[in-house]
Amino acid sequence: MEDGIGVGSRRSRRQRSLRLEAAWATHMGRVREVNQDDSGITDEVFVVADGMGGHRGGEVASAVAVETMLESFVGPDRTSLVRAVRDANRAVLERAAGDTDLTGMGTTLCALAIVDGPGGQGGDEVLAVANIGDSRVYRYDIDGLVQVTDDHSLVADLVRAGELTEEEAKVHPQRNILTRALGIEADPIIDSWELQPARNDRYLLCSDGLFNELDDGRIVELVDAGSVAEAANSLVSEAVAAGGHDNVTVLVVEVVDGPERSSGSRLPIGRARPERSRGHVQDLNPGDETGMMFRTVMASIAVLLAAFVLVAGVWARQGWFIGSDDGDVAIFRGRPVGILWFDPIFVEGGDLRVSLLDDSTRAAVEQTIDVGTLDEARHYIERFRADVNDR
């Protein structure tokens with residue numbers, strides 16, 4: 001529903017020892033003109049996708065990816081879930097190749113599925129997770145909320161490398177640039193996990209329209225509120241009320257029948273298993289393969305350019321200096337000369353005129369004084385002010 005919240009729910013009915021109940025909700029948001037998110041549910045697989053690319057492209061890409069996932073996943077293991085994601089990638093590429101209006105479209109995707117455990121048939125059933133892009137899967141249990149998936153974006157990579165803080169990443173101008181997505185290259189890397197289920201645990205699959213509006217504390221309060229349908233509806237409603245700057249889609253899944261959680265520490269979540277499929281496009285005809293190679297090269301160039309801009313922006317915002325702001329002594333963050341379109345940011349000042357300083361100090365301020373921290377800059381200005389008052 002484009003003018004409100006779309007909702008739906010389903011309880012798995014297959015004769016399995018592990019059974020799940022799920023509900024989804026979606027909303028276009030307050031800014032977008034179309035909802036490019038999509039989601040899907042079967043008895044054993046649950047999917048959320050966030051499309052991108054033109055007025056129609058993102059909407060088509062997410063719908064094609066979800067439909068293909070639901071049709072392709074037949075089990076029985078984690079590898080089959082990853083294979084279904086690859087099938088979804090191929091479907092998006094083929095659809096774009098057949099319609100010039102859809103060139104360049106892509107989508108994120110995250111999925112949860114019931115699969116056989118390590119022992120194969122007859123073994124304990126587990127949950128498999130797969131993702132590509134920045135749509136997320138969370139687990140909520142008696143110990144709280146934990147993010148299962150890793151975001152595949154430039155700012156997430158910088159956070160993991162220690163170049164950005166979580167707070168800086170949330171407001172960074174390039175925070176929406178993805179490093180992986182379906183429909184961009186013929187053989188993308190897909191992350192996957194196997195998780196041990198426990199009765200009453202809930203899993204949250206969502207597009208970035210949710211966590212860009214609500215912090216983890218509020219998500220925890222809502223994901224545990226009422227039935228899975230009530231939780232899904234509340235999460236979407238609050239994300240829209242908090243700003244609704246993007247489409248928002250959530251899918252809440254609860255383990256209603258399964259093993260009891262044993263006493264002790266929280267069930268572990270291992271590292272992602274990044275996988276690439278070798279020879280996955282061998283059966284494409286030459287024309288299709290050439291088109292896919294071209295799109296892959298162009299996408300790689302775009303990512304490299306975006307990475308350069310991102311690194312330049314991070315570098316331009318590092319450091320502090322004291323300078324003149326319309327004749328007032330002021331503190332700025334960034335580089336005095338700026339870089340590209342990243343100008344230094346005014347932080348504080350306005351209560352001490354540069355003209356009141358002695359000649360040497362005035363010349364230094366006008367040429368800018370580099371400092372290491374905000375506190376150091378404030379200390380300098382207090383000394384300037386004391387010198388003025390002593391004269």
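The values are calculated or read from the model by the stated rules, or taken from the named source; none is laboratory data. Please read all numbers here as calculations on a predicted model, not as lab measurements. Ideal geometry is used to build each Cβ from the backbone, glycine not excepted, and the neighbour counts take in all protein chains shown.
The set of residues from segment 245-264 being of a type in the set (Asp, Glu) and closer than 30 Å to SER62 by Cα comprises ASP246, GLU254. Selection over segment 136-154 of residues that are among the polar types (S, T, N, Q) and within 12 Å of ASP191 (Cβ to Cβ) gives a count of 1. Selection of strands (runs of 3 or more DSSP E) fully inside segment 1-43 by the criterion of at least 2 residues being hydrophobic (A, V, I, L, M, F, W, C), modelled with pLDDT of 85 or more and assigned by TED's automatic domain parsing to the domain that holds ARG199 returns 19-27. Among the residues of segment 230-244, those that are aliphatic (A, V, I, L, M) and either surrounded by 15 or more Cβ atoms within 10 Å (Cβ to Cβ) or not assigned by TED's automatic domain parsing to the domain that holds ARG86 (or both) comprise ALA231, ALA232, LEU235, VAL236, ALA239, VAL240, ALA242.
With respect to the conditions (1) exposed (fewer than 11 other Cβ atoms within 10 Å of the Cβ); (2) over 30 Å from GLN174 (Cα atoms), PHE384 falls short on a single one, namely (1).
Among the residues of segment 163-174, is there at least one that is over 19 Å from ARG273 (Cβ atoms) and in a strand (DSSP E or B)?
no
Checking VAL74 against (1) hydrophobic (A, V, I, L, M, F, W, C); (2) closer than 23 Å to PRO188 by Cβ; (3) modelled with pLDDT of 95 or more, which single condition isn't satisfied? Evaluating VAL74 over (1) hydrophobic (A, V, I, L, M, F, W, C); (2) closer than 23 Å to PRO188 by Cβ; (3) modelled with pLDDT of 95 or more leaves (3) as the failure. Checking each residue in segment 176-192 for being assigned to a loop (DSSP other than H, G, I, E, B), among the charged types (D, E, K, R) and buried (at least 19 other Cβ atoms within 10 Å of the Cβ) picks out ARG180, GLU185. All of VAL240, VAL250 fail the test of being among the hydrophobic types (A, V, I, L, M, F, W, C) and touching a Cys at 6+ places or on another chain (Cβ under 6 Å), apart from VAL250. With respect to being assigned by TED's automatic domain parsing to the domain that holds VAL228, free of Cβ contacts under 8 Å to residues at least 40 places away in the same chain, closer than 27 Å to ARG86 by Cα and not β-branched (Val, Ile, Thr), ARG139 falls outside the description.
Looking at the structure I just gave you, is ASN247 among the polar types (S, T, N, Q), under 19 Å from THR107 (Cβ atoms) and modelled with pLDDT under 95? Walk me through it before giving the result.
Values: among the polar types (S, T, N, Q): yes; under 19 Å from THR107 (Cβ atoms): yes; modelled with pLDDT under 95: no.
So ASN247 does not fit the description; no.
Give me the residue from segment 70-104 that is hydrophobic (A, V, I, L, M, F, W, C), under 25 Å from the mean Cα position of the chain (by Cα) and farther than 17 Å from ASN131 by Cβ and, out of that set, surrounded by the most Cβ atoms within 10 Å (Cβ to Cβ). The residue in question is LEU93. Among the residues of segment 231-251, those that are in a helix (DSSP H, G or I) and either without any contact (Cβ under 8 Å) to a residue 60 or more places away in the chain or farther than 26 Å from ASP43 by Cβ (or both) comprise SER234, SER237, GLU238, ALA239, VAL240, ALA241.
If you go through segment 73-95 and pick out every residue that is free of Cβ contacts under 8 Å to residues at least 60 places away in the same chain and farther than 20 Å from PRO274 by Cα, you end up with 3. Counting only residues that are farther than 17 Å from ARG378 by Cβ and either modelled with pLDDT of 85 or more or among the charged types (D, E, K, R) (or both), segment 318-328 holds 2 of them. Exactly one residue out of ILE345, ILE331 is among the β-branched types (Val, Ile, Thr) and modelled with pLDDT under 90: that is ILE345.
Being within 14 Å of ALA25 (Cα to Cα) and of a type in the set (Asp, Glu) holds for only one residue in GLU254, GLU194, GLU230, GLU221, and it is GLU230. Residues of segment 44-67 being surrounded by 23 or more Cβ atoms within 10 Å (Cβ to Cβ) and part of a strand (DSSP E or B), which ones? The answer is VAL45, PHE46, VAL47, VAL48, ALA49, ASP50, GLY51.
Within segment 257-274, can one find any residue that is at pLDDT 95 or above, out of contact with any helix residue (DSSP H, G or I) (no Cβ under 9 Å at 6 or more places or on another chain) and closer than 15 Å to ALA22 by Cβ? Looking for residues that are at pLDDT 95 or above, out of contact with any helix residue (DSSP H, G or I) (no Cβ under 9 Å at 6 or more places or on another chain) and closer than 15 Å to ALA22 by Cβ, one finds none in segment 257-274, hence no.
Note on segment 193-229: residues that are more than 20 Å from VAL45 (Cα to Cα), charged (D, E, K, R) and either in contact (Cβ under 8 Å) with a residue 40 or more places away in the chain or surrounded by 20 or more Cβ atoms within 10 Å (Cβ to Cβ) (or both) total 4. Tell me the residue from GLU289, GLU366 that is modelled with pLDDT under 60 and in a helix (DSSP H, G or I), please. Going through GLU289, GLU366 in turn, just one is modelled with pLDDT under 60 and in a helix (DSSP H, G or I): GLU289.
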